Amino acid sequence: MMESTQKKDIYILAIESSCDETAASVVKNGREVLSNIISSQIDLHTLYGGVVPEIASRKHIEKINQVIEQALEQAGMTLKEVDAIAVTYGPGLVGALLVGVSAAKALAFAAQKPLIGVHHIEGHISANFIENKELEPPFVCLVVSGGHSHLVVVKDYGEYEIIGRTRDDAAGEAFDKVARAIGLGYPGGPKIDKLSKEGNPDAIHFPRAKVEDNAYDFSFSGLKSAVLNYLNSCQMKGETVNRADVAASFQKAVIDVLVEHGIHAVQQYGLNKFAIAGGVASNSSLRAAFEKECTKRNIAFYHPSPIFCTDNAAMIGVAGYYEYLKGVRHGYDLNAVPNLRLGERI
């Protein structure tokens, strides 16, 4: 195990600002979270039905210093005592990313600490290491969030093979759009999850898309269109829409595809460990479905607590720790890369 070769404790100060959460955390030895401060902007963006990039950037500027100070204070540490500073530098909203990257570079320069740029999706995958101390690569991980749907073989710490990705809408994006269509508002994922519990998941059959040239790829735009067509059809016929049934049936269609792809991948690659990550990974029905299928096949199933599924800096600190051990260092020319691909090094 990588940590066992480490003689002294390593403390990473991590910063995350890729979307609408301003977050900072101190992580010890890649597995122990000493602080996890998150300043969320959800209430602000709810007014607009989604994240407004310019507003997100301005809020990050207002909050960034506060959350960093709080993270150090909660961990009982000073900037001098940390070993390195890790920061998300992509993918994400370019203005939002720049706030975190600029703050991290300034701190690294002022305190003369190593600077480590971290991939946001790598952070989500690494969130599984926080509460599952026994989890080590290799394993398969499904990353599902508002912007990403990735099926990844985690070969080693920091070493990934993307075997499936969305061809159009990410799963979380589809949740948000359908939630808006049935009048639930933003953010869609938690609201659909809650309403689905009152509905019949078999009431309406929505399509499960298969991508011909890659069994592991996802496509959710057809499903989203099918839901919109169903709602329009009901409206034209003057039929009452049972929102709970629509939510439950839509959610089941998404979950069926995610579970089928995930289980297929873990079996095909001859692994017995499967993890989920990202904002949608906090969906209770998705967790239950994976729990059931993994148990049936004797596959160990891992997932972070909901607080570590949504954007946070603790996961960036974990990923940053393993990058630190591998000798990854960035210069003061580190920049925000909004379309950074997993496994890409800049």
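Given the condition of a type in the set (Gly, Ala, Ser), closer than 17 Å to residue 143 by Cα, in contact with a Leu (Cβ under 8 Å, 6 or more places away or on another chain) and buried (at least 21 other Cβ atoms within 10 Å of the Cβ), answer yes or no: does some residue in the stretch 177-194 qualify?
No, the stretch 177-194 contains no residue that is of a type in the set (Gly, Ala, Ser), closer than 17 Å to residue 143 by Cα, in contact with a Leu (Cβ under 8 Å, 6 or more places away or on another chain) and buried (at least 21 other Cβ atoms within 10 Å of the Cβ).
Conditions tested, residue by residue: (1) in a helix (DSSP H, G or I); (2) out of contact with any strand residue (DSSP E or B) (no Cβ under 6 Å at 6 or more places or on another chain); (3) β-branched (Val, Ile, Thr); (4) in the same structural domain as residue 178 (by TED's automatic domain parsing).
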residue: 207; (1), (2), (3), (4): no, yes, no, yes
residue: 215; (1), (2), (3), (4): no, yes, no, yes
residue: 226; (1), (2), (3), (4): yes, yes, no, yes
residue: 241; (1), (2), (3), (4): no, yes, yes, yes
residue: 248; (1), (2), (3), (4): yes, yes, no, yes
residue: 287; (1), (2), (3), (4): yes, yes, no, yes
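In this structure, is residue 211 in contact with a strand residue (DSSP E or B) (Cβ under 9 Å, 6 or more places away or on another chain), over 16 Å from residue 319 (Cβ atoms) and at pLDDT 95 or above?
Spelling it out, it is not the case that residue 211 is in contact with a strand residue (DSSP E or B) (Cβ under 9 Å, 6 or more places away or on another chain), over 16 Å from residue 319 (Cβ atoms) and at pLDDT 95 or above.
Of all residues in the stretch 15-33 being part of a strand (DSSP E or B) and of a type in the set (Gly, Ala, Ser), which is surrounded by the most Cβ atoms within 10 Å (Cβ to Cβ)?
Once the filter is applied, the top-ranked residue is 24.
Could you list, in sequence order, the residues of the stretch 148-166 that are more than 23 Å from residue 210 (Cβ to Cβ) and either touching a Leu at 6+ places or on another chain (Cβ under 8 Å) or in a strand (DSSP E or B) (or both)?
Correct list: 154, 155, 156, 157, 159, 160.
Checking residue 116 against (1) surrounded by fewer than 24 Cβ atoms within 10 Å (Cβ to Cβ); (2) touching a residue at least 24 places away in the same chain (Cβ under 8 Å), which single condition isn't satisfied?
(1)
Any residue at all in the stretch 321-330 that is free of Cβ contacts under 8 Å to residues at least 40 places away in the same chain and on the phi > 0 side of the Ramachandran plot?
yes
Output the qualifying pairs, or none if there are none: Cβ atoms under 9 angstrom, residues six or more apart or on different chains, first residue in the stretch 95-112 and farther than 16 Å from residue 336 by Cα, second residue in a helix (DSSP H, G or I).
Going by the 9 Å Cβ cut-off, the qualifying pairs are 107/68; 107/79; 110/79; 111/79; 111/80.
Just a yes or no: is a residue in the stretch 94-108 at positive phi and at pLDDT below 95?
no
Run residue 311 past the list (1) touching a His at 6+ places or on another chain (Cβ under 7 Å); (2) among the charged types (D, E, K, R); (3) buried (at least 24 other Cβ atoms within 10 Å of the Cβ) and report the number of the one that doesn't hold.
Every condition holds for residue 311 apart from (1).
Just wondering, is there one or more residues in the stretch 53-60 that are in a loop (DSSP other than H, G, I, E, B), at pLDDT below 95 and under 23 Å from the mean Cα position of the chain (by Cα)?
Looking for residues that are in a loop (DSSP other than H, G, I, E, B), at pLDDT below 95 and under 23 Å from the mean Cα position of the chain (by Cα), one finds none in the stretch 53-60, hence no.
Taking the stretch 124-147, which residues are touching a Leu at 6+ places or on another chain (Cβ under 9 Å) and not in a helix (DSSP H, G or I)?
Once the filter is applied, which keeps residues that are touching a Leu at 6+ places or on another chain (Cβ under 9 Å) and not in a helix (DSSP H, G or I), the stretch 124-147 yields 138, 139, 140, 141, 142, 143, 144.
If a residue has to be crowded, with 18+ Cβ neighbours inside 10 Å and assigned to a helix (DSSP H, G or I) to count, how many in the stretch 71-113 make the cut?
16
Which residue, of 215, 170, is without any contact (Cβ under 8 Å) to a residue 60 or more places away in the chain and more than 21 Å from residue 121 (Cα to Cα)?
Answer to the selection: 215.
Given 336, 281, which one is over 17 Å from residue 172 (Cα atoms) and touching a residue at least 12 places away in the same chain (Cβ under 8 Å)?
None of the others qualify; the one that does is 336.
Please specify each residue of the stretch 47-70 satisfying the condition of being surrounded by fewer than 19 Cβ atoms within 10 Å (Cβ to Cβ) and either in contact (Cβ under 8 Å) with a residue 60 or more places away in the chain or out of contact with any Leu (no Cβ under 9 Å at 6 or more places or on another chain) (or both).
47, 48, 49, 50, 54, 58, 61, 62, 65, 66, 69, 70
Quick check on the stretch 269-277. Is at least one of its residues in contact with a Leu (Cβ under 8 Å, 6 or more places away or on another chain), touching a residue at least 40 places away in the same chain (Cβ under 8 Å), outside any loop (DSSP other than H, G, I, E, B) and of a type outside the set (A, V, I, L, M, F, W, C)?
yes
Quick check on my filter: what residues within the stretch 264-283 are over 27 Å from residue 312 (Cα atoms) and out of contact with any strand residue (DSSP E or B) (no Cβ under 7 Å at 6 or more places or on another chain)?
264, 267, 268, 270
The values are calculated or read from the model by the stated rules, or taken from the named source; none is laboratory data. Owing to the predicted nature of the structure, the values given are computational and were not obtained by experimental measurement. Using ideal geometry, Cβ is built from the backbone for each residue, glycine included, and neighbour counts are taken over all protein chains shown.
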